Amino acid sequence: MSSGQQRGRKSRDRKDKNEDGLPGDLLDRVVKIKRCAAVVKGGRRFSFAAMVVVGDGKGRVGWGYGKANEVPPSVSKAQKQASRSMVDVPLVEGTIPHKIWGHFGAARVVLVPAGAGTGIIAGQAVRAVCEACGVHDILTKSFGTNNPVTLVKATVDAMSKLRTREQIEALRGVELGPAK
């Protein structure tokens, strides 16, 4: 393949992505931007860290953490990392299939399925994950730390543990009784 053909292929791939460099169907939420100061000879030098949640709204979600000397590059680094680390989340009629606990560090999050029309009852960090994932009805409660970075990681941990009835039946090799 000549270099002209390779360049043509790369430009075709770029058309499928939006201005942030993400695939066109992904939506992202900036959860937290932190500013860090390093004291140097001439004063303070600031750098920025961004926590971003990316999802397709149809059951895939991921988080990313990026650092840079300016805010836009840190956000784009976080978006790129989030799009690479996406997990599949089974959804049942706009909610999750069952109650689940997730934890990361000192943060613990419980996610409870809710009936249609309930909405997303969650704090800012957990809400960002649920919206990006495509969950419309859910009840949540967080315990321990209220650090948004840790809460996002705990929420994604909980969502990665979710299984549908069909998946459990296939894993166990049995047929489960009727749902309650």
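What does the charge add up to near VAL174, with Lys and Arg as +1, Asp and Glu as -1, over the other residues with Cβ less than 15 Å from its Cβ?
Numbers: positive: ARG163, ARG165, ARG172; negative: GLU166, GLU169, GLU175.
Neighbourhood net charge equals 0.
Compared with the dominant principal axis of the Cα atoms in the chain, helix 148-160 is inclined by about 50°.
Annotation: peptides 151-159, 30-38, ranked by per-residue average of other Cβ atoms within 10 Å with the highest first, follow the order 151-159, 30-38.
By count of other Cβ within 10 Å, fewest leading, how are ARG165, ARG127, ARG44 ordered? Walk me through the numbers before you get to the answer.
On the way: ARG165 14, ARG127 20, ARG44 9.
If I rank by nearby Cβ atoms, fewest first, I get ARG44, ARG165, ARG127.
Here volume of the Cα convex hull per residue in Å³ was calculated from the structure, and among [x] 216; [y] 127; [z] 177 it sits at label [z]. About its Cα centre, the dipole of the chain is roughly 960 debye, where the only charges are +1 on Lys and Arg Cβ and -1 on Asp and Glu Cβ. Output the 0 to 90 degree angle, nearest 10, between the alpha-carbon long axis of helix 71-84 and the longest principal axis computed from the alpha carbons of the chain. The angle comes out near 40 degrees. Shape of segment 89-172 from its Cα gyration tensor (a ≥ b ≥ c, root eigenvalues): rounded if a/c is under 1.5, otherwise prolate when a/b > b/c, or oblate? The shape class here is oblate. Compared with the dominant principal axis of the Cα atoms in the chain, helix 3-15 is inclined by about 50°.
Computed extension length for THR164-LYS58: 36.6 nm, one decimal, from 0.36 nm per residue of separation with the Cα-Cα distance subtracted. Treating r as the C-beta distance of CYS36 and ALA106 and R0 as 22 Å, the FRET efficiency rounds to 0.55. Starting from the amide H of VAL87, placed 1.01 Å from N in the peptide plane, find each other amide H under 5 Å away whose residue is 5 or more places distant or on another chain. Long-range HN contacts for VAL87: VAL61, GLY62.
Peptides 66-74, 142-150, ordered by how many other C-beta atoms sit within 10 Å of their residues on average, highest first, read 142-150, 66-74.
Expressed to the nearest 5 percent, the antiparallel share of DSSP beta bridges inside the chain is 95 percent.
No value in this document is a laboratory result; all are computed from the given coordinates. Because the structure is a prediction, the values reported are computed rather than measured. All Cβ positions, glycine included, derive from the backbone under ideal geometry; neighbour counts span all protein chains shown.
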